[in-house]
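A short reminder: the numbers here are calculations on the coordinates, not readings from a lab. Remember, predicted model here, so these are calculated numbers, not experimental data. We place every Cβ from the backbone using ideal geometry, glycine too, and count neighbours over all the protein chains shown.
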């Protein structure tokens with residue numbers, strides 16, 4: 001298996017406290033990988049260090065064989081990113097946003113086709129602000145897919161969506177894997193993780209506490225489901241640290 | 001190049017949807033011209049016209065441009081751009097050029113009113129006026145790009161923009177004729193790029209010899225180059 005993301009000994013400290021404390025990760029090509037963890041576990045910082053938008057204090061990061069800090073412009077021709085909140089200009093329309101995103105890349109997919117695939121075809125001339133939460137989330141995914149990336153980062157992509165919209169997004173993500181893309185996602189919904197992810201890692205206090213396929217994690221914790229297993233692992237890690245909230 | 005063009009077109013489109021920009025960038029300078037023409041001696045109108053053209057440049061370059069960039073930072077538009085192959089130079093350059101388009105419209109509108117209502121004539125000729133205009137714009141827009149490029153948040157950008165804009169509007173001879181100020185204020189105001197800008201534009205409008213304009217032009221060009229370079233090098237995405 002070739003590796004899409006390799007992280008070794010990643011550390012990031014804020015004011016003397018290690019937010020990310022020696023994280024090792026490997027994401028294989030073509031895999032859907034989930035990075036899980038309670039709020040404040042260091043997920044966002046880890047992703048930001050992987051993307052190079054935050055300077056790491058120690059460790060090695062390699063994304064598609066490149067250093068995200070040094071090779072930013074080459075790397076982001078091949079990587080699509082959906083942030084939890086999609087930043088967009090005031091009064092911009094859907095089509096304008098897509099055309100703008102598309103212009104940032106050397107090569108890009110036909111964004112009209114992407115909008116059609118994501119059920120947003122009739123929204124081309126609508127202001128982004130007029131979209132519903134689900135539509136906006138799909139638009140954010142379209143932005144991430146415009147460069148036809150090999151690797152896609154999806155940060156809490158279904159937070160705030162209704163059950164139907166969530167299922168729609170899941171089908172899209174599975175479709176992406178069938179297209180051969182690698183997906184790195186974060187989520188707080190364990191049902192989502194169970195249906196989508198090939199492999200997951202749980203982060204707590206800046207460390208990976210367990211890693212494996214969702215069923216391995218459930219089995220190892222002798223839990224009824226991934227949610228129960230997740231809570232067990234996180235609680236165990238807390239006791240281990242001897243800390244409390 | 002494709003990126004530059006698309007960002008530029010999008011910026012221009014968004015700007016036309018922004019009523020503030022149309023009011024402050026285009027309509028307001030024309031109103032200032034009309035009021036000035038109404039209260040001042042017709043003979044002074046040639047000189048006043050130069051100041052008001054610079055007023056339009058300041059409104060777009062010191063307010064509209066930095067506040068737009070700071071707003072993109074605030075809205076996390078720049079954060080999204082950061083994970084794409086685009087560069088600060090492209091983003092800042094295209095935003096600045098879009099604001100230039102706005103100023104050009106403002107300058108033409110101001111000129112038409114000045115010409116046909118107040119009989120203003122540019123003694124130095126239109127070609128030299130356009131060249132002088134570009135020098136002034138380069139400097140003022142460089143300062144605005146620097147504020148927008150490095151301000152850590154919208155509040156800081158607002159404070160800096162206002163802190164630069166208002167002194168230049170008041171003290172540089174933009175809206176208030178420079179000659180009314182006491183000598184010490186005039187000397188202190190020399191440090192403001194708009195003061196050099198008004199001097200340059202006024203020189204062309206009044207048909208003064210070009211040799212006297214070399215120093216203000218050089219100051220403005222250097223200021224533009226330095227501020228733009230620093231803005232690109234110290235650009236903050238977040």
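Brief remarks follow.
- Mean separation of Cα contacts under 8 Å (6+ apart) over length of region A:108-245, as relative contact order %: 16 percent
- Degrees, to the nearest 10: B:28-39 long Cα axis against longest axis of chain B: 20 degrees
- Choice from A:108, A:222, A:187 with maximal GNM fluctuation in chain A (Cα, 10 Å cutoff): A:222
- Cβ-derived FRET efficiency at R0 25 Å, residue B:87 paired with residue B:238, nearest 0.05: 0.95
- Value of Rg/Rh across region A:82-148 [Cα atoms, Kirkwood radius]: 0.91
- Degrees separating the helix A:163-178 axis from the principal Cα axis of chain A, which is the longest one: 90 degrees
- Helix-derived mean residue ellipticity, 222 nm - over chain A, DSSP H n ≥ 4, -39500 (n - 2.57), to 500: -10500 deg cm²/dmol
- Max mean-square fluctuation residue, GNM over chain B, Cα-Cα springs under 10 Å, options B:52, B:140, B:191: B:191
- Taking the longest Cα principal axis of chain B as reference, the axis of helix B:88-118 is set at about 20 degrees.
- Expected 222 nm ellipticity per residue - DSSP helices of 4 or more, -39500 (n - 2.57), all of chain B, to 500: -23500 deg cm²/dmol
- Value of Rg/Rh across the protein assembly as shown [Cα atoms, Kirkwood radius]: 1.10
- Mean partner shielding of peptide A:85-94, defined as the number of other chain Cβ atoms within 10 Å of each residue Cβ, is 6.
- Ranked by the mean number of other Cβ atoms within 10 Å of their residues, highest first, the peptides B:8-14, B:232-238 fall in the order B:8-14, B:232-238.
- Residue A:130-residue A:174 pseudo-label distance in nm [points 7 Å out on the Cα-to-Cβ vector]: 3.3 nm
- Pairwise centroid distance, computed over Cα atoms, of region B:1-79 with region B:98-115, Å: 9 Å
- Region A:1-43-region A:90-163 distance, computed between alpha-carbon centres (Å): 27 Å
- Each principal axis of the Cα cloud of region A:189-240 was evaluated for its coordinate range; sorted largest first, these ranges are 29, 21, 17 Å.
- Peptide A:124-135 has a mean of 0 when you count, residue by residue, the C-beta atoms of other protein chains within 10 Å of its C-beta.
- Largest GNM mean-square fluctuation among A:205, A:168, A:188, using chain A with Cα springs under 10 Å: A:168.
- When DSSP beta bridges are restricted to pairs lying wholly in the protein assembly as shown, around 55% turn out antiparallel.
- Per-residue shielding of B:13-23, expressed as the average number of other chain Cβ atoms within 10 Å of the residue Cβ, stands at 2.
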